[in-house]
Amino acid sequence: GAVVSQHPSRVICKSGTSVKIECRSLDFQATTMFWYRQFPKKSLMLMATSNEGSKATYEQGVEKDKFLINHASLTLSTLTVTSAHPEDSSFYICSARPSGKVNEQFFGPGTRLTVL
Amino acid sequence: AQTVTQSQPEMSVQEAETVTLSCTYDTSESDYYLFWYKQPPSRQMILVIRQEAYKQQNATENRFSVNFQKAAKSFSLKISDSQLGDAAMYFCAYGSSNTGKLIFGQGTTLQVKP
């Protein structure tokens, strides 16, 4: 149990295009999901907290218009990188917290984004 | 704000030996959790062990155990009988009971030598 999927696993896009990344909790409901960014051999940096049915909460320094987050159901959150540029190239990881649980998060396998 | 510090960028251990990874944190919260995650080359984050701050007893999971020193804000991970499959990047993380957010340390790359 407690599986989180991400789609796509890899994406290459041209500069200026938008890319959508999906995060799904497959066998549990997640009121809250988190989005992280990770550079090579670096730590995970929390970008935003996604709450089902409400607006996402962004961490300081993260552009909300650049990284659009939608959490329309208890099993799906999406991250859209708008007008992507090469500096947005990174590894994006989501995690999902089972509803009612404070101290548990299950991580997706990540999405590698390359912007040419 | 909470911070997590891992001062060992890289560590190595001989197979079957024991290694300890260090982690310190800072917080003004009274209710929180601490975690160690493993990230192998696949980059899938795997939970190794979890410690509730209100528990005095150190958590253990098979070959993995922690030394939780709450007053010193220290949370080290001991890996016993190291195996080749333990080679990975290890992250210490602080979890706020208030927000549920995780704050990660910089990571320690563990090499296991045969």
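Against the criterion of being surrounded by 16 or more Cβ atoms within 10 Å (Cβ to Cβ), among the polar types (S, T, N, Q), over 12 Å from the mean Cα position of the chain (by Cα) and under 19 Å from B:GLY95 (Cβ atoms), A:GLN38 does not qualify.
Among the residues in region B:41-58, are any aromatic (Phe, Trp, Tyr), out of contact with any His (no Cβ under 7 Å at 6 or more places or on another chain), within 14 Å of chain A (Cβ to nearest Cβ) and surrounded by 15 or more Cβ atoms within 10 Å (Cβ to Cβ)?
Residues of region B:41-58 that are aromatic (Phe, Trp, Tyr), as a first pass: B:54.
Cutting the leftovers down to out of contact with any His (no Cβ under 7 Å at 6 or more places or on another chain) gives us B:54.
Subsequent filtering for residues that are within 14 Å of chain A (Cβ to nearest Cβ) retains B:54.
Among the residues that remain, those that are also surrounded by 15 or more Cβ atoms within 10 Å (Cβ to Cβ) are: none.
No, there is no match, as no residue in region B:41-58 is aromatic (Phe, Trp, Tyr), out of contact with any His (no Cβ under 7 Å at 6 or more places or on another chain), within 14 Å of chain A (Cβ to nearest Cβ) and surrounded by 15 or more Cβ atoms within 10 Å (Cβ to Cβ).
Could you please find all residues in region B:1-40 being in a strand (DSSP E or B) and of a type in the set (Gly, Ala, Ser)?
First, pick out the residues of region B:1-40 that are in a strand (DSSP E or B): B:3-5, B:10-14, B:19-21, B:24-26, B:32-39.
Across region B:1-40, the qualifying residue is only B:SER12.
Here A:HIS7, A:HIS71 are screened, and the one residue that is touching an Asp or Glu at 6+ places or on another chain (Cβ under 6 Å) and crowded, with 20+ Cβ neighbours inside 10 Å is A:HIS71. Scanning region A:22-53 for residues that are in a loop (DSSP other than H, G, I, E, B) and either in contact with a strand residue (DSSP E or B) (Cβ under 8 Å, 6 or more places away or on another chain) or within 13 Å of chain B (Cβ to nearest Cβ) (or both) gives A:LEU26, A:PHE28, A:GLN29, A:PHE39, A:PRO40, A:LYS41, A:LYS42, A:SER43, A:GLU52, A:GLY53.
Scanning region B:93-107 for residues that are among the hydroxyl-bearing types (Ser, Thr, Tyr), farther than 12 Å from B:TRP36 by Cβ and part of a strand (DSSP E or B) gives a single hit, B:SER96. Residues in region B:88-109 that are surrounded by fewer than 19 Cβ atoms within 10 Å (Cβ to Cβ) and in contact (Cβ under 8 Å) with a residue 40 or more places away in the chain were compared, and the one that is farthest from A:SER95 (Cα to Cα) is B:THR109.
Is it the case, given these coordinates, that B:VAL112 is touching a Gly at 6+ places or on another chain (Cβ under 9 Å), at pLDDT 95 or above, surrounded by 15 or more Cβ atoms within 10 Å (Cβ to Cβ) and more than 14 Å from chain A (Cβ to nearest Cβ)? Please lay out each step first, then the result.
Numbers: touching a Gly at 6+ places or on another chain (Cβ under 9 Å): yes; at pLDDT 95 or above: yes; surrounded by 15 or more Cβ atoms within 10 Å (Cβ to Cβ): yes; more than 14 Å from chain A (Cβ to nearest Cβ): yes.
Taking the combined requirement at face value, the residue satisfies it.
In this structure, is B:GLU29 touching a residue at least 12 places away in the same chain (Cβ under 8 Å), farther than 21 Å from A:MET45 by Cα and more than 15 Å from the chain's Cα centre (by Cα)? Spelling it out, it is not the case that B:GLU29 is touching a residue at least 12 places away in the same chain (Cβ under 8 Å), farther than 21 Å from A:MET45 by Cα and more than 15 Å from the chain's Cα centre (by Cα).
The values are calculated or read from the model by the stated rules, or taken from the named source; none is laboratory data. Quick caveat: nothing in here was measured; it's all calculated off a predicted structure. Positions of Cβ are generated from backbone atoms using ideal geometry, with glycine treated the same way; all protein chains shown enter the neighbour counts.
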